[in-house]
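Asks: Pasting in a structure now, in structure tokens, and then I'll have a few things to ask.
The numbers here are math on the coordinates, done by the rules we state, and not lab data. Predicted model only: the values in this text are computed from it and were never measured. For neighbour counting, all protein chains shown are included, and Cβ atoms are generated from backbone atoms with ideal geometry for every residue, glycine included.
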Amino acid sequence: MKILNLIAKTRSVRRYKEDEKVSMKKLMYIAEAARVVGSAGNRQRLRLLLVNDERCDEIFKEIRFASYLDWNGPEVGQRPAAYIVVMTAEEPDTNLSIDIGIAAQAMLMTATEEKLGGCMFRSFDREKLGAILGKQPYMPALVISIGTPDEVVILQDKRPGDDRPYYRDVYDHHLVPKIDIDTLVLE
Ligand SMILES: Cc1cc2nc3c(=O)[nH]c(=O)nc-3n(C[C@H](O)[C@H](O)[C@H](O)COP(=O)(O)O)c2cc1C
């Protein structure tokens, strides 16, 4: 697959086939992407917590799904089978935040290539989730859900006047409008 196709296919997926487990071997494979990406000054300050056991329920309770939808997140049976929690020992500064984004996108793309899907989450209480995970001094900076997709996510061109960040259509597909290339690229 062309890398651009993989990037376009790498969408935020929030509903999964929960009974399809994600093995620790698969999570380690995805984590390898975070190991080899760039890092400001090559300081490599990120640490990853790979979770595919009963702790998934605890993480699920702490993250907020698609706050722009009138939705409380996936039902039992469609929840993430695994998580990769990106942890840092300090409050992320700008470079560390960029590192987190680069690593997270690389892992999501790797998951997509493995026929999995995922979503990044920043909506959680860092202190509360950090206490639950118990890996001090490392605290959660970004949560990535992982699982076998059980929803259709479609990219579409953003229409003038339509400012919805994303929405669901009558088929329950999740639509994600993106600005066109002439808007993105400045003259
Ligand atoms: C840094 C970051 C934080 C995010 N936090 C959340 C979150 O807390 N909850 C959620 O449901 N989605 C979250 N998302 C997913 C975005 O909502 C998603 O990227 C956006 O709707 C566009 O969809 P797409 O990823 O398919 O292009 C986050 C994405 C990024 C990059």
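Asks: Apply the Karplus parameterisation 6.51 cos²θ - 1.76 cosθ + 1.60, with θ equal to phi minus 60°, to every residue of region 96-108 and state each ³J(HN,Hα) to the nearest whole Hz, in sequence, with x for glycine and proline.
Replies: Going residue by residue, I get 5, 5, 5, 3, 4, x, 4, 5, 5, 5, 4, 5, 5 Hz, with x marking Gly and Pro.
Asks: From the backbone phi of region 23-38, what are the Karplus-calculated ³J(HN,Hα) couplings (6.51 cos²θ - 1.76 cosθ + 1.60, θ = phi - 60°) in whole Hz, Gly and Pro given as x?
Replies: Computed from phi, the couplings for region 23-38 are 6, 5, 4, 5, 5, 5, 4, 5, 4, 4, 4, 5, 5, 9, 6, x Hz.
Asks: Right, another one. What does the charge dipole of the chain about its Cα centre add up to, to the nearest 20 debye, if the Cβ of each Lys and Arg holds +1 and the Cβ of each Asp and Glu holds -1? Could you put the intermediate results ahead of the total?
Replies: Numbers: 27 positive and 29 negative charges, 95 e Å.
Approximately 460 debye in magnitude.
Asks: Can you find, among 16, 177, 153, the residue farthest towards the positive end of the dipole of the chain? Put +1 on the C-beta of Lys and Arg, -1 on that of Asp and Glu.
Replies: 16
Asks: Let me ask something else. Under 5 Å between amide hydrogens, which residues at least 5 positions from residue 142 or on another chain qualify, with H placed 1.01 Å from N in the peptide plane?
Replies: The answer is 86.
Asks: With the cut-off at 1.5 for a/c, could you classify region 1-48 from its C-alpha gyration tensor as rounded, prolate or oblate? Don't jump to the answer; show the numbers that get you there.
Replies: Values: a/c = 2.30, a/b = 1.35, b/c = 1.71.
Oblate is the answer for region 1-48, as a/c is 1.5 or above yet b/c matches or exceeds a/b.
Asks: Quickly rank 21-28, 144-151, 100-107 as a protection proxy: mean count of other C-beta atoms within 10 Å, highest first. Spell out each step's value before the answer.
Replies: Numbers: 21-28: 15.4, 144-151: 21.9, 100-107: 20.2.
The most tightly packed comes first, giving 144-151, 100-107, 21-28.
Asks: Within a Cβ distance under 11 Å of residue 149, other residues only, what is the Lys/Arg minus Asp/Glu net charge? Walk me through the numbers before you get to the answer.
Replies: On the way: positive: 9, 11, 14, 15, 17, 115; negative: 20, 150, 151.
Net local charge, residue 149 excluded: +3.
Asks: Evaluate 2.2 N^0.38 Å with N set to the residue count of the chain, then give the Cα radius of gyration divided by it. Intermediate results must be reported in sequence, preceding the final value.
Replies: Working: Rg = 16.7 Å, N = 187, 2.2 N^0.38 = 16.1 Å.
So the Cα radius of gyration is 1.04 times the expected 2.2 N^0.38 Å.
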